[in-house]
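Structure first, then comments.
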Amino acid sequence: MYNPDSYQMLLSFGLASGPKLLDDHWILDLTTSTWLCSSGSSNECQKDQRLRGVLSAGEKGVGPSPRAFAAGIRVGLYKIIFGGLIDTEIPCSGGLKRSIPAGSDEMWAMNVASQIWYKVNQRVLAPLKTPAKRAFTQLAALKNLGGWDNPLMIMGGGSVECTQEDPPCVVPQPMNDIWFTDATPAPTSSTDKMLTLDGIDDVVAINLPSWTASVSMM
């Protein structure tokens, strides 16, 4: 994802040889053509952070688990991701467990300025109306949809839940559903009078009382 405010490219997650799911978040500075790792548990990320003397993984708060093929898009000040391929454990005979690939229904938002992740609670207002788990889906940011501030569309993808069936499926099963949501953060309370500004094209006009024109009374 391109961040025009800082002239950087943001790269998150993925699948490495092994195969191994990644939780890395890398930043490419386009002015110097250099990469740096903001957070992650891979050997490459840990090496980069040690060389730069920054915090190691696990000290920057909560973030998405390792995953691949998650949809991502920039909406205002946030990079939003949904779904993806993750590891999940299922019980086996003898009390053992094994790890298999599964889809995710999580949505995360990263503040591109602070590089901090926030988990989006999609079930606050509509607990039964949320997209099913999936990977290989797509996100699209829209405009002027039903009065929503930042409408977001989730399109299709592949269901990986059939890998847990007997016999398991070999390839993800296509999904043809379309979902809409508003990417604008909900107010923290009915008395919340704060504004969220992305610093790009915001204008806030406040009418001040006449007495503020006098410096002596300020």
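Roughly how many debye, to the nearest 20, is the charge dipole of the chain about its Cα centre, given +1 on each Lys and Arg Cβ, -1 on each Asp and Glu Cβ, and no other charges?
In total the dipole reaches around 240 debye.
So what's the back-of-envelope 222 nm ellipticity for the chain, counting only DSSP H runs of four-plus at -39500 (n - 2.57) apiece and dividing by all residues, rounded to 500?
After summing the helix terms and dividing by residue count, I get -1500 deg cm²/dmol.
Let me know the shape class of the stretch 77-154, please: from the alpha-carbon gyration tensor, a ≥ b ≥ c as square roots of the eigenvalues, rounded when a/c is under 1.5, otherwise prolate if a/b is greater than b/c, or oblate.
It is prolate, given that a/c is not under 1.5 and a/b is the larger ratio.
So for the stretch 1-88, Kirkwood radius off the Cα pairs, Stokes-Einstein at 10 °C and 1.306 mPa s: how many µm² s⁻¹?
115 µm²/s
For the stretch 94-162, what is the accessible area per residue in Å² when the probe is 1.4 Å?
Value for the stretch 94-162: 57 Å² per residue.
If you keep only loop residues by DSSP, which GluC sites (Glu not before Pro) in the stretch 24-122 have at most 15 other Cβ atoms within 10 Å of their Cβ?
Glu59
Apply the Debye scattering formula to the chain, with a single equal point scatterer on each alpha-carbon and no solvent, then give log10 I(q)/I(0) at q = 0.12 Å⁻¹.
The calculated log intensity ratios at q = 0.12 Å⁻¹ are -0.78.
Given Thr163, Pro209, Thr31, which one lies farthest toward the positive end of the charge dipole of the chain, if we put +1 on the Cβ of every Lys and Arg and -1 on the Cβ of every Asp and Glu?
About the Cα centre, the residue reaching furthest to the positive side is Thr163.
Compute the helix-to-body angle for 43-52: its Cα long axis versus the longest principal axis of the chain, expressed 0 to 90° and rounded to tens.
The angle comes out at about 40 degrees.
When the solvent-accessible surface of protein heavy atoms is calculated with a 1.4 angstrom probe, in what order do Phe13, Phe180 fall, highest first?
Phe180, Phe13
Probe radius 1.4 Å, ligands and nucleic acids ignored: give me the carbon and sulfur share of the accessible area of the chain as a rounded percent.
The computed percentage sits at 57.
The values are calculated or read from the model by the stated rules, or taken from the named source; none is laboratory data. Small disclaimer: the values here were computed from a predicted structure and weren't measured. Virtual Cβ from ideal backbone geometry, glycine too; neighbours counted across all protein chains shown. The protein model used for the area step is the full one, side chains on, heavy atoms only, and it has no ligands, DNA or RNA in it. Shrake-Rupley method; radii C 1.70, N 1.55, O 1.52, S 1.80 Å.
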